[in-house]
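Participant: I'd like to ask some things about the structure below.
The values are calculated or read from the model by the stated rules, or taken from the named source; none is laboratory data. Remember, it's a predicted structure, so these values are computed and weren't measured experimentally. Glycine gets a Cβ as well: all are built from the backbone with ideal geometry, and neighbour counts include every protein chain shown. Ligands, DNA and RNA are stripped out before the accessible areas are found, and what is left, the full protein with its side chains, is counted by its heavy atoms. Shrake-Rupley method; radii C 1.70, N 1.55, O 1.52, S 1.80 Å.
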Amino acid sequence: MMRMRGFLWIGMLAGLSACAPAVPDSGYSVDPGRGVGFDNSIEAQRQREAALASSAAVPVEPLVSETFLPPEGGSRAENPAVPAARPQAAATPSVAAQPLNQTAQAQTTQTQSSQSAELAQIQQQADATAATANSGQAVVNASPSNAPPVLLNNPGISDEQDFDAVSSRQSIESDAARIAANREQYQVVAPTALPSRSGSGEPNIVAYALETRHAPGTRLYRRSVLSGQGRYQRACGEYASADQAQLAFLERGGPDRDRLGVDPDGDGFACDWDPRPFRRASGG
C-alpha cells in the first residue's frame, strides 16, 4: 500500500514537469515574423559594424561666421559664393535679444549730462557775481590744489594777531613810547555835586504824590455843585493821560481849587490820577 502511494506521487511530479515551458538561454533568437529576441552571435555583431561603416555621414549646417554675404545692392545670383542653405536665425539679432536696460542706461546718462551742464552754468554765474563784488578779481574756488586768496587793501581785517606783521612795524621801544604818551594824556576827573533843579516854580506831580498820604477818593477839598459828572468827563477827555490832567490841575490852582472841573470828588487827584505807584517807588 505504501509503495503504491509512492509511485502515485512520483507520477504526479513527472506530469507537472512535462507541462512547464522551457527557459531560453542568452542566445535565444526569434523569427522576425513571430517576435523580438536577442542574438549575440559573432556573425550578427559583424553585420552591425559593416552597416554602420557603410552609412553616409550627416551633413552639418554651416555657422554664421562661415557664410558669405552678397555685396551691397547685389543678389545671390551675382555672387555664386553665397551658399543656398537657409541662413540661421542667429545671424540677424532681434530687438528682444538686446539687453533690456540699455534704454534706462541711456536715459540715466542723458539726465546726468543735463544736470552737470546746469550745475556748471550756475557755478559760472556765481563766479561772475563774486568777481564783481571782489573789485573785478577772479574767484578762486576752494580746492586742496589752489592756494588761499590774498585780499589787498581790506581795512576790515586786522593783522594784530600776526606776529610777523606786528613785529615789522613795532618794537619794544615803540611800545614803551606809546604807553608813556597815553599816560601824559590821562586825566582824573573829580566828582562834583549833583545839579539842583531850577527854580521855575512849575508844579511837580512826583513831589506832590510823595507829599500826600491819603488814599484816592478821600474828600479833603470843597467843590462847587457845578462840577458834575458830565463836565468831568468832557474835561478829562481833553488830556492824553491822567498825568497831564494832574499837572494842568496843579497849574490852575489845585488842589485847593478845581477851575477845570477834573476833581469833582475833592480828593486832590484829577481824572482818576493815582499817586500810589510813586509812593511805592520811593519806598513810602
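Participant: Scan segment 252-284 residue by residue and report those that are in a loop (DSSP other than H, G, I, E, B), touching a residue at least 60 places away in the same chain (Cβ under 8 Å) and open to solvent by less than 70 Å² (accessible area, probe 1.4 Å).
Facilitator: Within segment 252-284, Trp273, Pro275 meet the criteria.
Participant: If Asp243 meets every condition in (1) charged (D, E, K, R); (2) open to solvent by 90 Å² or more (accessible area, probe 1.4 Å); (3) under 60 Å from the mean Cα position of the chain (by Cα) apart from one, which number is that one?
Facilitator: It is condition (2) that Asp243 fails.
Participant: Pro191 versus (1) open to solvent by 70 Å² or more (accessible area, probe 1.4 Å); (2) at pLDDT 90 or above; (3) over 60 Å from the mean Cα position of the chain (by Cα): which is the lone unmet condition?
Facilitator: Evaluating Pro191 over (1) open to solvent by 70 Å² or more (accessible area, probe 1.4 Å); (2) at pLDDT 90 or above; (3) over 60 Å from the mean Cα position of the chain (by Cα) leaves (2) as the failure.
Participant: Still on this structure: Name the single residue that is modelled with the lowest pLDDT among those in segment 212-232 being within 17 Å of Gly266 (Cβ to Cβ) and not in a loop (DSSP other than H, G, I, E, B).
Facilitator: Among them, the one singled out is Gln229.
Participant: Quick test for you: out of Pro93, Pro70, Pro83, Pro62, pick the one residue that is at pLDDT below 80 and loosely packed, with under 10 Cβ neighbours inside 10 Å.
Facilitator: That would be Pro93, the only listed residue that is at pLDDT below 80 and loosely packed, with under 10 Cβ neighbours inside 10 Å.
Participant: In addition: Of the conditions (1) modelled with pLDDT of 90 or more; (2) open to solvent by 50 Å² or more (accessible area, probe 1.4 Å), Phe249 satisfies every one except a single condition; which number is it?
Facilitator: (2)
Participant: So, one more: Please state which of the following conditions Ala181 fails to meet, knowing it meets all the rest: (1) touching a residue at least 24 places away in the same chain (Cβ under 8 Å); (2) open to solvent by less than 60 Å² (accessible area, probe 1.4 Å).
Facilitator: The single condition Ala181 does not satisfy is (1).
Participant: Also, I was wondering about something else. For Pro203, indicate whether it is closer than 29 Å to Gly283 by Cβ and surrounded by 11 or more Cβ atoms within 10 Å (Cβ to Cβ).
Facilitator: For Pro203, the condition - closer than 29 Å to Gly283 by Cβ and surrounded by 11 or more Cβ atoms within 10 Å (Cβ to Cβ) - is met.
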